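First the structure, in the form of structure tokens, and then the observations on it.
The values are calculated or read from the model by the stated rules, or taken from the named source; none is laboratory data. None of the values given here were measured: they were computed from a predicted structure. Cβ: placed from backbone, ideal geometry, glycine included. Neighbour counts: every protein chain shown. With ligands, DNA and RNA removed, areas are computed over all heavy atoms of the protein, side chains included. Shrake-Rupley method; radii C 1.70, N 1.55, O 1.52, S 1.80 Å.
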Amino acid sequence: MAAGCHTGFGFRFQSKLRVEFDGGTITSDAGLVLLREFDERLGCTAGLKHLLADERDRRYTQHTGLELVRQRLYQIAAGYEDASDARFCRNDPTMRAVVRRRDEPLASQPTLSRWENAAPWDSIRLFEREGAEWYCRHGAGHRRRHPEEIILDIDSTEDPTHGQQPLSFFNGFYDTYMYHPLLIFEAETGMVLASCLRPGNVGGIRQLLPLLRPLVTRLRARFPKRAIALRADGDFAKPALLDYAEYTGCRYAVGMPRNPKLEARVEGLRKKAERLWKTSGQPVQLFTSFCYKAKSWPQPRRIVAKVEYTVGGSNLRFVVTNRTEPPAAVFAWYNRRGQAENFIKELKRDLSADRLSCASYRANAFRLQLHALAYNLLVLFRRLVLCGTELARATVERMRRQLFKIGARVQRSVRHLWMHLSTGWPGQPLFCHVLDRLTTIRGPT
């Protein structure tokens, strides 16, 4: 019985109603067995045990490193993002089943917290790249016709901090004390291929190239016939990134901050747009491109410009690129990077990746990787199992609500573990369909 819960409370709307926490072994997350079976067939989390160095004394440990990883990932996937949620989750029959075979309580919150704080930086760096490994083994093999290029959307996001967390700094752009995580998404699948935590006062391409170099190398080795393209906003328009993209043969389109010289180059086009707007009264969009050399660039580069004129006046936007398509096509391709904002929202809103509340910066860096891998596991599940269903384009929260948050009465015998789901649950057809789809899932190709 939960502490402080008055089960003798008299309900006014139904005087005969009584509530007690004595229903026996019942779970509210029975649908997680679908995700665990998917994981087992692909071998995603099984490979994580080789990434995390475990320096604990085996004589005094009850939970293996792989069990701790799985416990955290499946808690996050189910919506229990805090380590303190293990107080109850460690005894949940579904959580026990998806983490390990033996029916014993899982790790407690103190055990999980000590484990997170002990994660070495070398292991965290390996976790940062594991998303790319999952993509190479599973994420890119869903469709028969692959896109001609792999598009990497580079972005960062704010993670507000509270209290005196190490390396938390005030960021004037976001007007808050924060961390500043860096994320690289694959545009088609939405998977996080690489990520890292950064101090709140670090922006631009700081720590980007150490993430990007091994990622591009891995993708080139796995997909030698596919081009690689980069998209990023104006905060990443730094010479080092442009030089790297050109040196490695990557196509790119990166937002270019406005400056007087760029504005002067399109002044004639701006005036033309203003005349057209005054004549027609309709919004006007005009495009052009030209060569431009900044002082920090070794050679001129192509700038694509868009001039908009509406009732609110003119709006000028610039993109530096090495793509050869017409200016309007380049902007159309570049603007699709806005989908990365939706990936970030899902990662933060549905997976609580911004819940980095540890007192240790290293533990928070490790937590970010756990949240990213839980997100990737769910994205792969949606992409490979739920395609063609009503949840094919569902958010993580909707998937969780309709497929994972299922109440069940649990019984264990010598030979079997029974989960008795509700006879009147309307999600039965989808659940059975997912079970059928799981039989077609195969391991790495």
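Side notes on the structure shown:
- Some residue of region 397-411 being touching a Leu at 6+ places or on another chain (Cβ under 7 Å), closer than 30 Å to GLU128 by Cα, surrounded by 15 or more Cβ atoms within 10 Å (Cβ to Cβ) and of a type in the set (A, V, I, L, M): yes
- Taken together, the criteria exclude ARG323 from residues that are basic (Lys, Arg) and assigned to a strand (DSSP E or B).
- Screening GLY79 with (1) touching a helix residue (DSSP H, G or I) at 6+ places or on another chain (Cβ under 9 Å); (2) on the phi < 0 side of the Ramachandran plot gives one miss only, at (2).
- Of the residues making up region 412-445, those that are in contact (Cβ under 8 Å) with a residue 12 or more places away in the chain, within 30 Å of TYR135 (Cβ to Cβ) and exposed (fewer than 13 other Cβ atoms within 10 Å of the Cβ) are ARG442, GLY443, THR445.
- Residue check for ASP436: in contact with a Lys or Arg (Cβ under 8 Å, 6 or more places away or on another chain) and either charged (D, E, K, R) or not in a helix (DSSP H, G or I) (or both): no
- Any hit, region 184-200, residues being closer than 23 Å to SER360 by Cβ, assigned to a loop (DSSP other than H, G, I, E, B), in contact (Cβ under 8 Å) with a residue 24 or more places away in the chain and open to solvent by 20 Å² or more (accessible area, probe 1.4 Å): no
- The condition (being over 24 Å from LEU241 (Cα atoms), modelled with pLDDT under 95 and in contact with a Gly (Cβ under 9 Å, 6 or more places away or on another chain)) is satisfied by just one residue among THR176, THR111: THR176.
- If only residues of region 393-433 that are within 26 Å of ARG383 (Cβ to Cβ) and among the aromatic types (Phe, Trp, Tyr) are counted, the one that is modelled with the lowest pLDDT is TRP425.
- Selection count where residues are of a type outside the set (Phe, Trp, Tyr) and open to solvent by less than 30 Å² (accessible area, probe 1.4 Å), scope region 341-352: 6
- Residue match in region 375-386 (condition: assigned to a helix (DSSP H, G or I), of a type in the set (Lys, Arg) and either in contact (Cβ under 8 Å) with a residue 12 or more places away in the chain or touching a helix residue (DSSP H, G or I) at 6+ places or on another chain (Cβ under 7 Å) (or both)): yes
- The set of residues in region 21-44 being surrounded by fewer than 19 Cβ atoms within 10 Å (Cβ to Cβ), in a loop (DSSP other than H, G, I, E, B) and either modelled with pLDDT of 80 or more or more than 39 Å from the chain's Cα centre (by Cα) (or both) consists of THR25, SER28, GLY43.
- Pairs are defined by a Cβ separation below 7 Å, a sequence spacing of at least 6 or placement on different chains, a first member in region 22-33 that is under 18 Å from PHE404 (Cβ atoms) and polar (S, T, N, Q), and a second member that is assigned to a loop (DSSP other than H, G, I, E, B) and open to solvent by 60 Å² or more (accessible area, probe 1.4 Å); the pairs so defined are SER28/LYS405.
- Failed condition for ASP155, given (1) closer than 16 Å to TYR375 by Cβ; (2) touching a Gly at 6+ places or on another chain (Cβ under 6 Å): (2)
- Residue check, LEU347 out of contact with any Gly (no Cβ under 6 Å at 6 or more places or on another chain) and under 19 Å from GLY79 (Cα atoms): yes
- Among the residues of region 265-310, those that are in contact with a helix residue (DSSP H, G or I) (Cβ under 9 Å, 6 or more places away or on another chain), open to solvent by 60 Å² or more (accessible area, probe 1.4 Å) and touching a residue at least 12 places away in the same chain (Cβ under 8 Å) comprise PRO283, GLN285, PHE287, SER296, PRO298.
- Elements of type helices (runs of 4 or more DSSP H) in region 207-297, at least 1 residues being farther than 30 Å from LEU197 by Cβ and either of a type outside the set (Ser, Thr, Tyr) or within 23 Å of the chain's Cα centre (by Cα) (or both): 260-265, 267-280
- Here ARG323, ARG317, ARG355, ARG367 are screened, and the one residue that is open to solvent by 10 Å² or more (accessible area, probe 1.4 Å), at pLDDT below 95, of a type in the set (Lys, Arg) and under 31 Å from the mean Cα position of the chain (by Cα) is ARG355.
- Qualifying residue in region 174-182 (condition: closer than 18 Å to GLY234 by Cβ and touching a helix residue (DSSP H, G or I) at 6+ places or on another chain (Cβ under 7 Å)): yes
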